[in-house]
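One structure is given here, and the rest of the page talks about it.
The values are calculated or read from the model by the stated rules, or taken from the named source; none is laboratory data. Please read these numbers as outputs of a predicted model, since none were measured by experiment. With ideal geometry, Cβ positions are generated from the backbone for all residues, glycine too; neighbour counts draw on all protein chains shown.
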Amino acid sequence: MPEIVANSVLPALRLPITLRTADGLTLVGELAKPLDRPPIASIVCVHPLPTAAGMMDSHVLRKMAWRLPALAHMAIVRFNTRGTTSAAGTSQGVFDEGEAEGLDLAAALQFVQQADLPQPWVLGWSFGTDVILKHALQSRTEQGIQGAILLSPPLRFSKESDLDNWADSALPLVALVPELDDYLQPPEARERFARVPQARVVGVPGAKHLWVGEKSVSAVLNLIVASVAPQLAPLPRAWDGPMERWSDLTQTKS
């Protein structure tokens, strides 16, 4: 079987979506879900800092959408927060340092509910982790989120009171922390998250804040699946079926 590599794109139903925020903005996004069966779970992704080139196509999130619908039977929702641009387009509004972005996350969770997508988890990367820590619980009762996964959490915009709110929620909170992170490494992360009894901090050897390289990507995708659907971890490294290879210039099938 052909090996799954960095630019492998596995089959999925990929649909552009439009989100509407409570303050009247239009956000662009994408839903990717399995082709041949209903999804068993859903993940709503919040991207890294848009003022540092973060967007819905930031590579780990894009590879989640490329692989997890086929390999883990999951629906992946990605979107550009306010004022952010990607190949899918530009979301209305302006960057608000993690405050009004809570309305963007709420709009994405409302979409998940309206689309009847099951078992929603929220996942943030870097800046996206602060948006989740600050705002995801505000939609918890209505939207029924199952837990949160934090990639490279810097704990820059969130406060201790936000962590205390997660402690009170008792919802699963999984922090995937690169060993060589530029902002928060595993020992300090364990200290900071100690105030959340149910939090699980997983140090990832050799990884850096941006999760560059297929080894780091494979590690983090396996940890994501192990948190949401442990029966499907670890993910296979090969695919016996149609597979495309993505490049920014052309897209080829194999």
Could you tell me which of the residues Val77, Val131 is in contact with a Gly (Cβ under 9 Å, 6 or more places away or on another chain), under 24 Å from Pro178 (Cα atoms) and assigned to a strand (DSSP E or B)?
Val77
Give region 67-84 a look and list any residue that's buried (at least 24 other Cβ atoms within 10 Å of the Cβ) and of a type outside the set (Gly, Ala, Ser), or say none.
Arg67, Leu68, Pro69, Met74, Ile76, Val77, Arg78, Phe79, Asn80, Thr81, Thr84
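One line per residue, one yes/no per condition, for (1) buried (at least 21 other Cβ atoms within 10 Å of the Cβ); (2) not aliphatic (A, V, I, L, M):
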| residue | (1), (2) |
| --- | --- |
| Gly128 | yes, yes |
| Phe157 | no, yes |
| Ala170 | no, no |
| Asp182 | no, yes |
| Phe193 | yes, yes |
Is at least one residue of region 76-92 touching a Lys or Arg at 6+ places or on another chain (Cβ under 8 Å), at pLDDT 95 or above and of a type in the set (A, V, I, L, M)?
yes
Would you call Leu249 modelled with pLDDT under 95 and in a loop (DSSP other than H, G, I, E, B)?
yes
Residues located in region 1-49, provided they are in contact (Cβ under 8 Å) with a residue 40 or more places away in the chain and of a type in the set (Asp, Glu)
Glu3, Asp23, Glu30
Every listed condition ((1) surrounded by 17 or more Cβ atoms within 10 Å (Cβ to Cβ); (2) without any contact (Cβ under 8 Å) to a residue 40 or more places away in the chain; (3) of a type in the set (Gly, Ala, Ser)) holds for Ser161 save (1)
Can you find a residue in region 52-70 that is among the aliphatic types (A, V, I, L, M), over 15 Å from Val122 (Cα atoms), assigned to a loop (DSSP other than H, G, I, E, B) and in contact (Cβ under 8 Å) with a residue 60 or more places away in the chain?
no
From Leu117, Leu109, Leu68, grab the single residue that is within 12 Å of the chain's Cα centre (by Cα) and within 23 Å of Ile224 (Cα to Cα).
Leu68
Looking only at residues that are polar (S, T, N, Q) and farther than 16 Å from Val77 by Cα in region 6-57, which one is surrounded by the most Cβ atoms within 10 Å (Cβ to Cβ)?
Ser8
Please determine whether any residue of region 220-227 is surrounded by fewer than 15 Cβ atoms within 10 Å (Cβ to Cβ) and either in contact (Cβ under 8 Å) with a residue 24 or more places away in the chain or among the aliphatic types (A, V, I, L, M) (or both).
no
Could you grab the pairs with beta carbons closer than 7 Å, sequence gap of 6+ or different chains, first residue in region 177-195 and in contact (Cβ under 8 Å) with a residue 12 or more places away in the chain, second one buried (at least 22 other Cβ atoms within 10 Å of the Cβ) and assigned to a helix (DSSP H, G or I)?
Val177/Ala189
In region 89-102, the residues that are surrounded by 14 or more Cβ atoms within 10 Å (Cβ to Cβ), more than 17 Å from the chain's Cα centre (by Cα) and either of a type in the set (A, V, I, L, M) or not in a loop (DSSP other than H, G, I, E, B) (or both)
Gly89, Thr90, Ala100
